[in-house]
Amino acid sequence: MIKLIASDMDGTLLNDHIDVSLSNAQAIKRAQSQGIHFIIATGRDYPMAARPLETHNIECPIIALNGAQLFDVEGNNLYNKGLEKSTVRKIRSILSQYPDLHEELMTNEGIYSNNQEKRLDTIASMLADLNPDISYEEAMQNAISHAEENNVKFVESFDTVLEDDSIVILKLSAHTEEGAPILDPLKEQLMNEVPKLAITASSKKNIEINHESAQKGTAVAQYAKKLGIKADEVMTIGDNINDLSMLEWAKYGTAVANAVSEAKESATYSTSSNSQNGVAEAISRVLSGKIYKE
């Protein structure tokens with residue numbers, strides 16, 4: 001019997017218009033009404049994750065920044081799993097060796113960027129990549145709205161962030177339009193030269209760098225343990241590289257139809273795409289007792 005469902009957001013719960021569909025929202029609430037716990041596990045920061053849920057009054061805990069943070073139903077921050085500042089400096093020195101990367105720092109005080117124009121281009125490119133049915137212009141408008149709504153902080157230099165002891169750096173991201181030819185050797189170099197990292201991705205054009213303890217699978221497992229729930233009582237739903245750890249951990253790891261090949265291989269079950277209410281379909285199978293492999 002499944003007692004906990006954990007879902008990714010972008011490319012999974014969110015449709016091509018970057019919204020939670022009515023079908024998905026209703027399915028989540030039906031599951032909760034029947035005593036099944038529901039939790040979000042996303043690479044987004046908390047404000048960016050909470051906003052689409054508020055549209056449908058979905059109340060649930062949120063694992064943010066790939067597992068670096070956990071927020072309860074009321075929005076209280078229960079923990080932060082950050083990177084040492086010395087580690088961040090080493091990472092950034094390696095990133096500087098690669099051309100045309102756009103970096104961002106995700107912290108306990110919000111998102112920091114050092115280039116507003118590149119940030120908008122980066123977010124728009126990732127949204128268009130994850131949601132092929134929307135135009136680049138629509139993706140750009142979403143990127144602009146995100147920057148305005150989430151109070152992204154633009155700084156001339158990241159040194160000001162690194163020198164502030166009150167700021168905990170939870171995740172670094174690096175984006176390039178070149179994709180794998182740049183990111184694959186970069187990831188290999190980081191893994192070889194910097195210990196205790198978890199390096200994942202939420203699109204083909206980025207990498208996301210966390211402390212090794214900040215992973216979705218670890219966070220979902222810890223949350224389940226707190227509730228007295230075992231891995232064989234958990235369904236996880238995802239689409240990308242940063243979902244692999246939770247897809248592999250849960251007995252009912254489920255990949256949406258639009259998932260990357262690595263996610264499909266890590267999952268045991270499958271469901272429809274994010275644009276076809278795949279989360280609602282998976283939840284309906286749970287509620288009807290008809291979970292099956294395809």
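The values are calculated or read from the model by the stated rules, or taken from the named source; none is laboratory data. Nothing here was measured: the structure is a model prediction, and the numbers come from that model. As a convention, Cβ positions derive from the backbone with ideal geometry for all residues, glycine included, and neighbour counts pool all protein chains shown. Remember, those area values only see protein heavy atoms, side chains included, never the ligands or the DNA or RNA. Shrake-Rupley method; radii C 1.70, N 1.55, O 1.52, S 1.80 Å.
Could you list, in sequence order, the residues of segment 161-193 that are in contact (Cβ under 8 Å) with a residue 60 or more places away in the chain, among the hydrophobic types (A, V, I, L, M, F, W, C) and either assigned to a helix (DSSP H, G or I) or more than 19 Å from MET106 (Cα to Cα) (or both)?
LEU162, ILE182, LEU186, LEU190
So THR200 passes all but one of these: (1) in contact with an Asp or Glu (Cβ under 6 Å, 6 or more places away or on another chain); (2) crowded, with 20+ Cβ neighbours inside 10 Å; (3) within 23 Å of ASP19 (Cβ to Cβ). Which condition number does it fail?
Condition not satisfied by THR200: (3).
For a quick check of your reading of the model, give me the residue pairs whose first member lies in segment 16-44 and is more than 22 Å from SER125 (Cα to Cα), whose second is of a type in the set (D, E, K, R) and surrounded by fewer than 18 Cβ atoms within 10 Å (Cβ to Cβ), with beta-carbon atoms closer than 7 Å and at least 6 apart or on different chains.
If the second residue must be of a type in the set (D, E, K, R) and surrounded by fewer than 18 Cβ atoms within 10 Å (Cβ to Cβ), the pairs left are ILE36/LYS3; HIS37/LYS3.
Quick check on my filter: what residues within segment 200-250 are over 15 Å from LYS3 (Cβ atoms) and among the small types (Gly, Ala, Ser)?
ALA201, SER202, SER203, SER213, ALA214, GLY217, ALA219, GLY238, SER245
Among the residues that make up segment 275-288, is at least one of them part of a strand (DSSP E or B), buried (at least 24 other Cβ atoms within 10 Å of the Cβ) and out of contact with any Cys (no Cβ under 8 Å at 6 or more places or on another chain)?
Among the residues of segment 275-288, not one is part of a strand (DSSP E or B), buried (at least 24 other Cβ atoms within 10 Å of the Cβ) and out of contact with any Cys (no Cβ under 8 Å at 6 or more places or on another chain), which makes the answer no.
From GLU137, GLU163, GLU188, GLU177, which residue is modelled with pLDDT of 75 or more, within 23 Å of LYS216 (Cα to Cα), open to solvent by 10 Å² or more (accessible area, probe 1.4 Å) and among the acidic types (Asp, Glu)?
After ruling out the rest, the residue left standing is GLU188.
So the check is Cβ under 8 Å with 6+ separation or different chains; which pairs have a first residue in segment 95-120 that's within 11 Å of PHE154 (Cβ to Cβ) and a second one that's open to solvent by less than 30 Å² (accessible area, probe 1.4 Å) and among the basic types (Lys, Arg)?
Correct list of pairs: GLU104/ARG119; SER113/ARG119.
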